[in-house]
Amino acid sequence: MQQKVNTVLSMVVLLSISIMSGCAINSPREAPANLMGRTNIENSDQLPARQWYQACFRMPLNENGEPDFTIDYILADKVVAPTLQRHVARISLWRFHRRSARDVTGHQFSFLYYTDEDTHSEMAGELQNNPFLRKLMEKEQVIRFIPQCRGGKNRQQISSTSDPHWDPMLQKSWPYFIMGVSASWLSLIHQADIAIEGGENNIEAGDSDSRTTIINNEKSDLYARYEQIEAKVTEIWQEEGQHAYLHHLNALFGYEPLKIQKWLSF
């Protein structure tokens, strides 16, 4: 699975154009409400002091050292999205971060958000007590939840989660870009769920590569449902991402070419 994600992300870098909730699984749902946050942070002197927080979910690697990225989809949709929707009016910026490597951290899904301490405390408590997260941890599909795993100084600066090697202007503006990307990805998950519920739910998911199901009733296997969702979202990305994302981002920058320096994977 790790190779699949690396291949897709490498494709993005190598293209010659510029780089651009929780309901029962048997119940239809509507698309999510606005999730773009309260972005007028430059003129927010009357708001409580804000900084970046990062909730981290760590998952085990399998015997071959590979991650199970389907769990990321469950975490985003069933664990993070309900809390995000309840508190989005008090969040200035937010984003997801997905990573996996054969190191101490291993496979980790993160939810980063820029808000005040009181809102963070409420959100951390909700995430900690989320029933889907508890099920995942009981089955050891998530082995650790860290409500705040972002340390360091200057967390109040908007640019502090950007790559420090970037131009300072890009460091400050990139958080808005990645929030939009994260919201788009989450919306695709929701839309795929709606599509499957509306007529594609008779497709057999095949044998799950998960060690266990996260729902005791195997006839209602949430993991298998999210395998289908992941496959649908990946299909859309691979078939339509070049035009929908890369071409239109290239157009936004006046069709200027992008310098590709080396092969990259993330």
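Annotations
- Within segment 85-120, the residues that satisfy the criterion of being under 14 Å from Arg58 (Cβ atoms) and assigned to a loop (DSSP other than H, G, I, E, B) are Ser100, Ala101, Arg102, Asp103, Val104, Thr105, Gly106.
- Only one of the numbered conditions (1) surrounded by 14 or more Cβ atoms within 10 Å (Cβ to Cβ); (2) over 23 Å from Tyr223 (Cβ atoms); (3) not basic (Lys, Arg) is violated by Gly125, and that is (1).
- Pairs linking a residue in segment 113-134 that is of a type in the set (Asp, Glu) and at pLDDT 95 or above to a residue that is surrounded by fewer than 19 Cβ atoms within 10 Å (Cβ to Cβ) and part of a helix (DSSP H, G or I), with Cβ atoms under 7 Å and 6 or more positions apart or on different chains, are Glu122/His87.
To keep it simple, each residue is scored yes or no on (1) at pLDDT 90 or above; (2) out of contact with any Phe, Trp or Tyr (no Cβ under 9 Å at 6 or more places or on another chain); (3) over 30 Å from Glu140 (Cβ atoms).
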residue	(1), (2), (3)
Gln191	yes, yes, yes
Asp209	no, yes, no
Ile215	no, no, no
Glu218	no, yes, no
His248	yes, yes, yes
Phe253	yes, yes, yes
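- Complete set of residues in segment 64-108 that are in contact with a Pro (Cβ under 6 Å, 6 or more places away or on another chain) and hydroxyl-bearing (Ser, Thr, Tyr): Ser100
- Residue satisfying all of: in segment 153-166; more than 18 Å from His97 (Cα to Cα) and loosely packed, with under 11 Cβ neighbours inside 10 Å; modelled with the highest pLDDT among these: His165
- Matching residues in segment 121-169 - criterion: being of a type outside the set (S, T, N, Q), assigned to a loop (DSSP other than H, G, I, E, B) and closer than 20 Å to Met59 by Cα: Lys139, Glu140, Val142, Ile143, Pro147, Cys149, Arg150
- Selected residue [within 17 Å of Ser182 (Cβ to Cβ) and modelled with pLDDT of 95 or more] from Ile91, Ile146: Ile91
The values are calculated or read from the model by the stated rules, or taken from the named source; none is laboratory data. Treat the numbers as computed from the prediction; the structure is a model and nothing was measured. Quick reminder, even Gly has a Cβ in these numbers, built from the backbone with ideal geometry, and neighbours come from all protein chains shown.
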